[in-house]
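Structure record follows, encoded as C-alpha cells.
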C-alpha cells in the first residue's frame with residue numbers, strides 16, 4: 001500500500017458548499033482527484049456546472065444542487081438529494097461564506113446579520129442535517145479564517161465575529177460527536193486539541 005492509497009477517497013461521497021468559485025471549486029476537484037464522488041452546491045448554478053465538468057473530467061461522479069444554505073430547509077433538501085443520488089455522506093465541507101468591509105460605526109443590523117447567516121448559521125444547519133446521515137469516520141470540515149483568532153486592522157466586525165464563532169462551534173461539535181464522527185476545520189496555524197482527541201484550526 002502506498003501513501004496515496006492511505007489517503008484515497010475512492011467511492012466516498014463529499015459535499016462542498018460555495019462550490020461555484022474560489023476555494024470551493026478547488027476543494028471539490030481535489031476531492032474528486034482523490035477518488036470521491038462530489039456534490040457541489042451554491043446559489044449560482046451556471047458556475048456549478050463548470051465545477052461538475054472538472055469533477056467528471058477526472059472520472060468521478062458529480063451532482064449539482066442549487067441551494068441557499070442560509071435556509072435550513074434548503075440544507076435538508078441538499079442532504080436529501082445527496083442521499084438519493086449516492087446513498088451516503090462521508091465528507092462535508094462547509095465552505096460557503098461572505099465578508100464585508102464596513103466600519104463598525106456604520107454597519108447596519110441587516111449587513112451584520114447577512115454575514116453571520118452565511119458564515120455561521122449555514123455551517124450549523126448543514127452540519128446538523130448531514131450528521132444525521134453520517135457513520136463513524138465521516139468528516140465535517142468547517143472553513144474558518146485567521147481573522148477568527150487575530151486581527152488585521154480591517155473593518156470586518158461581522159466577518160471576524162462569525163469566523164471566531166465557527167471555530168467555537170467546531171470545537172463544540174467535535175466534542176459532542178467525537179464518538180461517532182470527526183470534525184476538523186483546516187488551518188494555517190494549528191490550534192490546541194479539543195476534548196475528545198480531535199483538533200480544530202483556522203485558515
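Every read-out reported here was derived from the displayed coordinates using simple, explicitly stated rules and does not represent laboratory data. In this text, all values refer to a predicted model and were calculated from it rather than measured experimentally. We place every Cβ from the backbone using ideal geometry, glycine too, and count neighbours over all the protein chains shown.
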Mind pulling the angle between the C-alpha long axis of helix 22-33 and the longest principal axis of the chain? Nearest 10 degrees, somewhere in 0 to 90.
20 degrees
Using only Cα atoms, tell me the angle between helix 45-57 and the longest principal axis of the chain; keep it within 0 to 90° and round to the nearest 10.
40 degrees
Spacing of the two label points (7 Å from each Cα toward its C-beta) at residue 71 and residue 23, in nm
2.6 nm
I'm checking a number: the convex hull volume of the Cα atoms of region 15-62, normalised per residue, in Å³. What is it?
50 Å³
When DSSP assigns beta bridges and you keep just the ones with both residues in the chain, what percent turn out antiparallel, to the nearest 5?
15 percent
Within a 10 angstrom radius of the beta carbon, how do 132, 88 rank from fewest other beta carbons to most?
132, 88
At q = 0.12, 0.17, 0.18 Å⁻¹, what is the base-10 log of I(q)/I(0) for region 3-202 according to the Debye formula with one equal point scatterer per Cα and no solvent? Please give it to two decimals.
-0.58, -1.15, -1.27
Using 7 Å Cα-to-Cβ label points, what is the residue 46/residue 101 separation (nm, one decimal)?
2.6 nm
If R₀ is 30 angstrom, what is the calculated FRET efficiency for the pair residue 5 and residue 85, using the beta carbon separation as r and rounding to 0.05?
0.70
For the residues 55, 149, what sequence is obtained by ranking on other C-beta atoms within 10 Å, fewest first?
149, 55
